[in-house]
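Shown next, in structure tokens, is the structure this report addresses.
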Amino acid sequence: MKKITLLLAFSLLVLFARAQNGLECVEVEVYYVSNENDTIANSVGGVLPIGSVTYRVYADMLQGYKFQAAYGVPGHELRLETTTLFFNNIDRGATSPTFTKTQARTNTVMVDSWFSVGAACAGNYGVLKTVDDTVANAINNFVPQVLQNNDADAGIPLTQKDGFMAGTPEQVTFVGFTTPELDVFDADQVGNLLSTYNASWASLNGSKGFDTVENKVLIGQFTTDGTFSFKLNIQIGTPTGGVQNYVADSAVGNEILLSCLTYVSPTDTVIDTTGIGDLVSSGIETFSVYPNPTNDFITITYNQTKSDAHFTLYNLEGKILEYNEFDGKAAKNSEQLNLSMLANGIYILQLSADGNTSYKKIIKN
């Protein structure tokens, strides 16, 4: 009986090991929030709008696992988007962080937008500011100084900890991207959307975090003064040489669904509803909501086939309450939204498609 019990315990342990998910989550760090000094002084690096937020995105894995790729394939979109534009430093900006730590001390290249598989600049890993050891901190020496803002939303200021740790991180390999797609994050280019079903940024040897126990790998940095959102699919390597694939939606086969692969940044911006009236349109004329006013549900209808059409519900303090996408395939897209749990009052529904935006004032009774 004792042998049978031990054998059963061992079998359960093997099953648990096989079922273990190596990707725990995707973590987003607010790295920096810009102020007017960054904009005024930044003639070399390009225009950095006041209030721009720099987000760092980490793949948080169990010990022994390796980040291999963030990807888009048929059925699984890879998408990064902002409601305004991404900031790209025009001095030394690039699609991956190739600038040196010495160069990081000049103008605003430290908050450039890029993809990574571990690096924050040449010869340095990117780490959360909370675990930075402060050694050789990249304090900006641009005259007049920039990146000095101490905004509470960004936590530890860059003047104290820069999120760089010396080492030899893996380099990014881009697979399948077209030049126009990558231009959204390259030097003097501007754009607000990268969407692909046939490309990836990858680590050919697999990447572990600077701290291999905590094992958080920096996979991208993105700066914008708008609402930032992403939908990622991630492949990691297991300690035994296998692979695991995590998707944001529509998992099939051995794919693992992980909700934190979809992200929409919070916002503290107060939406000015003055003059919105029933509908303010900027190129979208086939957007309807009913019933309005409502006691519980509303139906949102968009009479177009657009792969990038999505809607966001805000309260009047600017907080995002709901974000969703239309499927982009049907000639008439329709989604139902449950407002029954919300307090009575006024809400703002935003519809975005093809770079155009419309707003609808929603009344909940």
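Observations
- Listed cross-link partners 129/216; 66/161; 161/231; 231/361 are compared with a 21 Å cut-off, the Cα-Cα value being larger for 66/161; 161/231; 231/361.
- Overall Cα dimensions of the stretch 122-201, principal axis frame, Å, largest first: 40, 29, 25
- Sorted by Cβ neighbour density within 10 Å, fewest at the top, the residues 116, 250: 250, 116
- Environment charge of residue 57, counting only residues whose C-beta is closer than 9 Å and scoring Lys/Arg +1, Asp/Glu -1: -1
- Going by neighbour counts of Cβ atoms within 10 Å, the residues 316, 62 line up, fewest first, as 316, 62.
- Extreme residue, positive dipole direction of the stretch 95-220, given options 138, 197, 108 (C-beta unit charges): 138
- Cβ-based net charge around residue 206, under 12 Å, with every Lys or Arg adding one and every Asp or Glu removing one: +1
- Residues with amide H under 5 Å from that of residue 172, placed H, sequence gap 5 or more: 117
Readers should treat all values here as calculations from the given coordinates under stated rules, not as data from a laboratory. Being a predicted model, the structure only gives us computed values, none of them experimental. Please note: Cβ atoms are built from the backbone with ideal geometry, for glycine as well, and neighbour counts cover all protein chains shown.
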